[in-house]
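Single-structure report; data block below.
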Amino acid sequence: MLSRELPDPRCWTVVIPAAGRGSRLGYHRPKILYPIAGRPILDWLLDIFSPNCLTVVVVVSCEGNIDIATELDRRIPGRFEIVVQKTPTGMGDAVALALPLVRTPHVAVVWGDQVSLRRKSVEECMRLHQGCAEPDLTCPTVFRDHPYIHFERDAHNRIIGVRQGREGDPLPDHGESDTGFFCFRTVFLRRLLRELRACSDPGKLTGEFNFLPVILLAARRGSVLTPQIMQPEETIGVNSKEEVAMIEKFLLESHVCNPS
């Protein structure tokens, strides 16, 4: 049964890594400003997170700083912080840069192109995370064909590995993926990222400080919830015109059927 308690915005900050460019979409501005169903991706994300979080921290590129700050000031004046990631050195680095600006006990991390997340799914994950189980990490997952990420589990259902297609890892035809959205206890995430940076190697293909290995480390060091309450369509990122078409269809159908 889904929880009815609302997330407490005073306890939450959302971090949005958004240094990516829209070049693969033929777009000249930051990808997070790309229009989906007539509105920037950022606008859709703020619909979900600004009512549920005290502060929004966005990690931007040098080139995207002014455009993104202008849009944030239009929507949520006085409730956002901007962090500039001078070089694209990975999502782990982007989140680490943002954490000094997080002053709440819980922090949500969402990729800057996860536009098709539904508010009710996000809020349910936040409720679970701040609930009586008191997990260190709540990481919603979905099972899908041809995954780009896959979590390996042992006989006790514990996460024991994270495979990443972008780093050349072999992937199953059907697997368990993240959703581009994560909830952490802030102090736990700070500790994990420090440990990960000190002990792990950069991605073997990208050379980046990846974020997803933090999930495996969290499973070793703390308590992890992996609720399966999202639809696969909620997890589609914006990387091609074909994905844009799928996302727009899903968003418009979701809005008509369930505006909240």
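The values are calculated or read from the model by the stated rules, or taken from the named source; none is laboratory data. Bear in mind that the values here come from a model prediction, so they are computed numbers and not experimental data. Neighbour counts run over all protein chains shown; Cβ positions are idealised from the backbone, glycine included. Just so you know, the surface numbers come from the protein's heavy atoms only, side chains and all, with ligands and any DNA or RNA stripped out. Shrake-Rupley method; radii C 1.70, N 1.55, O 1.52, S 1.80 Å.
Legend: helices of the chain (whole DSSP H runs) are marked when their alpha-carbon atoms reach 18 angstrom or more along the helix axis and their mean Kyte-Doolittle hydropathy is at least -1.0; marked are 186-199, 241-257. Here the scattering of region 1-50 is modelled by Debye summation over its C-alpha atoms, one equal scatterer each and no solvent; at q = 0.23 Å⁻¹ the log10 of I(q)/I(0) is -0.88. When only the Cβ of Lys, Arg, Asp and Glu is charged (+1, +1, -1, -1), the dipole of the chain relative to its Cα centre reaches about 580 debye.
Would you count, across the chain, every pair of lysines whose alpha carbons are under 24 angstrom apart, provided the pair is eight or more residues apart or spans two chains? If you can, show how the numbers build up before the last one.
Details: LYS31/LYS86; LYS31/LYS241; LYS31/LYS249; LYS86/LYS204; LYS120/LYS249; LYS241/LYS249.
Value for the chain: 6.
Our compactness index for the chain, the C-alpha radius of gyration over the empirical 2.2 N^0.38 Å, is 0.94. Within a Cβ distance under 13 Å of PRO232, other residues only, what is the Lys/Arg minus Asp/Glu net charge? Here the count lands on -4. Using a probe of 1.4 angstrom and keeping all protein chains present, the accessible surface of the chain works out to 48 square angstrom per residue.
Just order 194-200, 225-231 by mean Cβ neighbour count inside 10 Å, highest at the front, would you?
On the way: 194-200: 12.4, 225-231: 16.4.
Descending mean neighbour count gives 225-231, 194-200.
When only alpha carbons of region 125-260 are considered, Rg and Dmax amount to 16.1, 48 Å. DSSP beta bridges fully contained in region 1-64 are about 40 percent antiparallel. Calculated translational diffusion coefficient of region 67-205 (10 °C, 1.306 mPa s; Stokes-Einstein with Kirkwood radius over alpha-carbon pairs) equals 93 µm²/s.
Ordering VAL110, ILE76, ILE41 by the projection of their Cα atoms onto the charge dipole of region 1-127, which places +1 on the Cβ of Lys and Arg and -1 on the Cβ of Asp and Glu, puts ILE41 at the extreme positive end.
With a cut-off of at most 15 other beta carbons within 10 Å, and DSSP calling the residue loop, which chymotrypsin sites (Phe, Trp or Tyr not before Pro) in region 180-260 qualify? Please list them.
Values: sites: PHE181, PHE182, PHE184, PHE188, PHE209, PHE211, PHE250; in loops: PHE209, PHE211.
Here no chymotrypsin sites (Phe, Trp or Tyr not before Pro) fit, given the DSSP loop and packing criteria.
Note on region 1-128: Cα-Cα pairs beyond 26 Å make up 17% of the total pair count.
Given q = 0.11, 0.20, 0.23 Å⁻¹, what are the Debye log10 I(q)/I(0) values for region 156-223, with equal point scatterers placed on the Cα positions and solvent ignored? For region 156-223 at q = 0.11, 0.20, 0.23 Å⁻¹, log10 I(q)/I(0) is -0.28, -0.95, -1.21.
Round to a whole number: what % of the accessible area of region 96-160 belongs to carbon and sulfur, probe 1.4 Å? Mind showing how you got there, number by number?
On the way: 1420 of 2770 Å².
Carbon with sulfur: 51 percent of the solvent-accessible area.
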